[in-house]
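Encoded as structure tokens, the structure appears first; notes follow it.
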Amino acid sequence: IRDEESGYNKNLFCIPKHYEEDLERVFIPHGLILDRTERLASDIMQDVGSHHIVALCILKGGYKFFADLLDDIKALNQNGDKSVLVTMDFVRIKSYC
């Protein structure tokens, strides 16, 4: 996103009531994020070839993206011309200051 990007008017989206007062504009619509996640899954499947995928999710914020990405990989596994083994695990990381 460029610095001069003004984003989209929040009235074009369904915004939860508890965010209405805090939100001024929407820079990245949910549909765009879903499209990019699907493309990332496709790129991963293309890059790994027939190798086993080990997916590691860092908890505390990453789960939704992780689940969406693995759903897209699963769909490609089921509907594509090749299938790879995918295993997943979760880690919780604590930062130290």
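The values are calculated or read from the model by the stated rules, or taken from the named source; none is laboratory data. Since the model is a prediction, treat every value here as computed from it, not as a measurement. We place every Cβ from the backbone using ideal geometry, glycine too, and count neighbours over all the protein chains shown. Quick note on the areas: whole protein, heavy atoms, side chains included, nothing else; ligands and nucleic acids left out. Shrake-Rupley method; radii C 1.70, N 1.55, O 1.52, S 1.80 Å.
Computed quantities for the displayed model
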| read-out | value |
| --- | --- |
| Index of the failed condition, TYR8 passing every other in (1) more than 25 Å from VAL91 (Cβ to Cβ); (2) in contact (Cβ under 8 Å) with a residue 24 or more places away in the chain | (2) |
| Within region 63-97, considering residues that are among the small types (Gly, Ala, Ser) and at pLDDT below 85, the one surrounded by the fewest Cβ atoms within 10 Å (Cβ to Cβ) | SER95 |
| Answer residue from region 41-57, given it is at pLDDT 85 or above and open to solvent by 70 Å² or more (accessible area, probe 1.4 Å) and is nearest to ASP68 (Cα to Cα) among those | LEU56 |
| Some residue of region 32-40 being in contact with a Phe, Trp or Tyr (Cβ under 8 Å, 6 or more places away or on another chain) and β-branched (Val, Ile, Thr) | yes |
| Any hit, region 12-23, residues being over 30 Å from LYS94 (Cβ atoms), open to solvent by less than 70 Å² (accessible area, probe 1.4 Å), of a type in the set (A, V, I, L, M, F, W, C) and out of contact with any Cys (no Cβ under 9 Å at 6 or more places or on another chain) | yes |
| Residue within region 70-80 that is on the phi < 0 side of the Ramachandran plot, of a type in the set (Val, Ile, Thr) and in contact with a helix residue (DSSP H, G or I) (Cβ under 6 Å, 6 or more places away or on another chain) present | yes |
| Subset of region 43-67 [over 16 Å from ASP89 (Cβ atoms) and out of contact with any Leu (no Cβ under 7 Å at 6 or more places or on another chain)] | ASP43, ILE44, GLN46, ASP47, VAL48, GLY49, SER50, HIS51, GLY61, LYS64 |
